[in-house]
Amino acid sequence: MKFLRLDLLTLLISLFIFNSCKRQDGIGLGIDPTNQINGSLVVDTNIIIRTEVDSTAVTSALAKTPLGNFTDPALGSVTSSVALGISLPNDAAYTVPAGTLTIDSAVLVLRYADGFYGDSVATRYTANIYQLNEKAAAQTYYNTKRWQVNTGLVLGTRTFTARTHDSVTIARIRKDTVDTVQKVGPQLRIPFSKTFIYNNLFNANSSQLASTLLFQNAIKGLYVSLSKGQATDAGGILQLALNSSQLDVFYKTVNGSTIDTASVTLPIVSHSAAIEYVYNETIKASLADQTNSQNTIYLQGLAGLRAKISFPGLDKFNPDSIVLNRAELVITPQPNSGIPYAPLPKLTMYQLDIAHQRTYIQDASPADARNQISAFGGRYDKTKKEYHFLVTAYIQDLIRKKTIDYGTFVAPIDTTEITTISGSSLSTTSITPSVQTAARTVVIGSDKASPYKIKLNIIYTRIRK
C-alpha cells in the first residue's frame, strides 16, 4: 500500500509538470508573453531577372576541356575545338633510334573526362586533326580565341559514336619482349599521319630536335575539331582529360640482324578550347532586352549564358525593426524542359564588388563570419526539381544598406569546381566562368502567372521596442 501511494504521487506530479509546458510557436524563451519573438514568412516574388552573356572564360590548362558540336533546340548551336601543344618525348632533346626505321602507326589519344552532354546514341561524330599555323604556347587562352589553322591538310580523322564510359582494348608494344594487349580507360583514339611524324620527328634536322622549344616552334601545334554525321543530328559536347592525353607512335627498327618494335610518346604540354555560339531568335531577343524582367531565363554552360538578378522588393522592409532568420532563393526549371537534355546539376551565385570584379556572396564567403558554406546550395534537387541558395547574410546586408548591389548573378558551374581559400580550411563553390560543364537549364523567371516563378523566401523576426 505504501508503494501504491508513492506511484500515485509520482503520477500527479508528472501531470502537473506536463500541464505547465506550453508549445511556443514563436522563437524565444517564452517566459513573458510581451517578450516573445515570433518568426514571420514573406515570399518575395518582386524579383528582376534577365538572361545575359556570361563573362569570357579561361580554357587553357583545365582538368576538363570541351570538344564538341551540339545543337540545342532551346538555345541554338555551340561548337568547341581544341588546340594542342605537343613536345618531344620526355620533354628533352631527342635522338632518333639507330637503324632503318618504319612507322607502323601513330594515334592521338584523347582521354575522356566526366561530363558528356548531348546525344550519345544516334549521332555519329567525326573528329579531324589539323596543324596550327601559330604556336600553341603554354600560356593563358580564353574561349574567344580564334586560331590560325591549316585546314587544307587533314592529319588524322576518326568517325565514332560517343562511348565516354567504355574501356577499350589496345595493343601494347613492349621493347625487347613479346607485345601484348591491354585494356585501358575510356578514350578517343584518332589515327594520325605517319608522314607528319616521319618528317617532323624521325627525319627532322638535329636542330629541330635539340629542345622542346625548337620542336614546338617548328610544328606549331595541333587543332582538333568535331563535326556531326548529319546536320540534323543533335550532336554533343565531350569533356577531355588532356593532361593525361598524348600522341603515341609505334615503329619498327632494323639494325643489322636485330628487328624490334617499339613506341615513343609525344606528350601534350598545353591545351585550350575555342568555343563559338550561334543563338536562335528567342535567345537573341532575350539578350537584346536588358530593360525588362523576363519570364523565361536561359542558363548555359561552356561560359555561355548566365542570369542577372536584383531584389527591389526589399525596400518594404524597415532595417531598424526586423532581423532576418533565414533567406532562401528558389529557382525552378520550366516543367519538361529537362527532356531529353538534363538540367545543369549545379549553379553558382556571386556578386560584383565596387571594381565590378566577381566576389562571393556573404553566405558563401570564408571571410564572412556569418557564412553558411556547407549549406549555401546551388545543386539541383531532383526530388523537388528546384535549385536553392541560402542568402540570409546577403539579403540582411542589402536591407540594412551595408552592401551595394553592383550586380548579382546566377550562372552554371561544374560540380567539381571548388575553391579553397588560402590560409583557410574552408572550401566554397567556384565563382569563375566555367567551360567544364556543357549542360543548360531553362528556368522560370518573373512570370507572375506561373506557380514556379523565382522567389525569395524570407523568415524574419520583428524587433519590439
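The values are calculated or read from the model by the stated rules, or taken from the named source; none is laboratory data. Note that the structure is a prediction, hence the values are computed from the model and not measured. When we count neighbours, we look across all protein chains shown, and the Cβ atoms used for this are built from the backbone with ideal geometry, even at glycine. These accessible areas exclude ligands, DNA and RNA; they are computed on the full protein's heavy atoms, side chains included. Shrake-Rupley method; radii C 1.70, N 1.55, O 1.52, S 1.80 Å.
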- Query: Can you give the helix-only mean residue ellipticity at 222 nm for the chain, where every DSSP H stretch with n ≥ 4 adds -39500 (n - 2.57) and the sum goes over all residues, rounded to the nearest 500 deg cm²/dmol?
  - Reply: -3000 deg cm²/dmol
- Item | More than 19 Å apart - percent of Cα-Cα pairs taken over segment 35-176 | 72 percent
- Task: Could you work out how far apart the two model spin labels at residue 126 and residue 211 are, taking each label as a point 7 Å from the Cα in the direction of the beta carbon, and quote it in nm?
- Result: 4.1 nm
- Could you give the dipole magnitude of the chain about its Cα centre, charging the beta-carbon of Lys and Arg +1 and that of Asp and Glu -1, in debye to the nearest 20? 760 debye
- For segment 261-327, accessible area per residue (1.4 Å probe, heavy atoms of protein chains only), Å²: 40 Å²
- Message: Using protein chains only and a probe of 1.4 angstrom, how many square angstrom of residue 416 are accessible, to the nearest 10?
- Response: 100 Å²
- Message: Just to be sure I understand the rule: take each whole DSSP H helix in the chain, project its Cα atoms onto its long axis, keep it if the span is 24 Å or more and its mean Kyte-Doolittle hydropathy is at least 1.0. Which ones pass?
- Response: 2-20
- Query: Over what distance in Å are the Cα centres of segment 225-281 and segment 298-348 separated?
  - Reply: 39 Å
- Here are several values of log10 I(q)/I(0) by the Debye sum over Cα atoms at q = 0.08, 0.12 Å⁻¹: [x] -0.61, -1.05; [y] -0.48, -1.17; [z] -0.43, -1.03. Which one was derived from the coordinates shown? [x]
- With DNA, RNA and ligands ignored, accessible area of residue 72 (1.4 Å probe; Å², nearest 10): 10 Å²
- To the nearest 10 square angstrom, how much accessible area does residue 380 have with a 1.4 angstrom probe? 50 Å²
- Looking at 129, 168, 445, which one has the Cα that reaches farthest to the positive end of the dipole of the chain (charges on Cβ: Lys, Arg +1; Asp, Glu -1)? 445
- Taking H as built 1.01 Å from N, whose amide H comes closer than 5 Å to the amide H of residue 344, not counting residues under 5 places away? 440, 441
- With all protein chains present, how much of the accessible area of the chain (probe radius 1.4 Å) comes from carbon and sulfur, to the nearest whole percent? 53 percent
- lysines within cross-link reach of residue 316: Cα-Cα under 16 Å, excluding same-chain residues under 8 positions apart? 401, 455
- Item | Per residue accessible area of segment 370-465, 1.4 Å probe, in Å² | 48 Å²
- Rounded to whole Å², per residue accessible area for segment 83-153 with a 1.4 Å probe reads 47 Å²
- Query: Which residues' amide hydrogens lie under 5 Å from the amide hydrogen of residue 334, considering only partners 5 or more residues apart or on another chain, with H built in the peptide plane?
  - Reply: 442, 443, 444
- For the chain, build the charge dipole from Cβ charges (+1 Lys, Arg; -1 Asp, Glu) around the Cα centre, then report which of 120, 243, 322 sits farthest towards its positive end. 322
